[in-house]
Amino acid sequence: MPDRFRRLLPVVLVSTTALLLAGCGPNLFDRMTNWYTLSCCGVIIVILDIIALVEVSGSNRSLGDKVLWALIIIFAPVLGCILYYFFGRK
């Protein structure tokens with residue numbers, strides 16, 4: 001378990017930093033902090049993006065690939081999720 005945590009920690013740290021620094025547009029962080037403004041579709045998007053981020057972090061990809069997919073999903077929640085499910089899953 002500690003080995004998995006050690007592999008997951010950089011992805012979590014980089015993703016969190018990217019979320020905090022991304023002050024533009026409706027990214028995933030904006031959607032999650034303003035949860036009261038979400039519609040039904042918005043809630044579904046947030047849930048699917050979180051599932052995609054969990055799948056990315058648990059995959060056997062290199063750290064660079066994980067960070068790249070996480071950033072795509074975070075900064076373009078709808079498009080990033082679609083791209084990951086069609087092209088990123090192995």
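Key figures
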item: Filter result (touching a residue at least 40 places away in the same chain (Cβ under 8 Å) and among the hydrophobic types (A, V, I, L, M, F, W, C)) within segment 42-75; result: Val56, Leu63, Val67, Ala70, Leu71, Ile73, Ile74, Phe75
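A quick yes/no check of all residues on (1) under 8 Å from the mean Cα position of the chain (by Cα); (2) closer than 19 Å to Asp3 by Cβ; (3) surrounded by 13 or more Cβ atoms within 10 Å (Cβ to Cβ):
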{"position": "Ile50", "(1), (2), (3)": "yes, no, yes"}
{"position": "Asn60", "(1), (2), (3)": "no, yes, no"}
{"position": "Leu68", "(1), (2), (3)": "no, no, yes"}
{"position": "Val78", "(1), (2), (3)": "no, no, yes"}
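Values quoted throughout were computed directly from the atomic coordinates according to the rules given, and no laboratory measurement underlies them. Because the structure is predicted, anything quoted here is derived from the model rather than measured. Quick reminder, even Gly has a Cβ in these numbers, built from the backbone with ideal geometry, and neighbours come from all protein chains shown.
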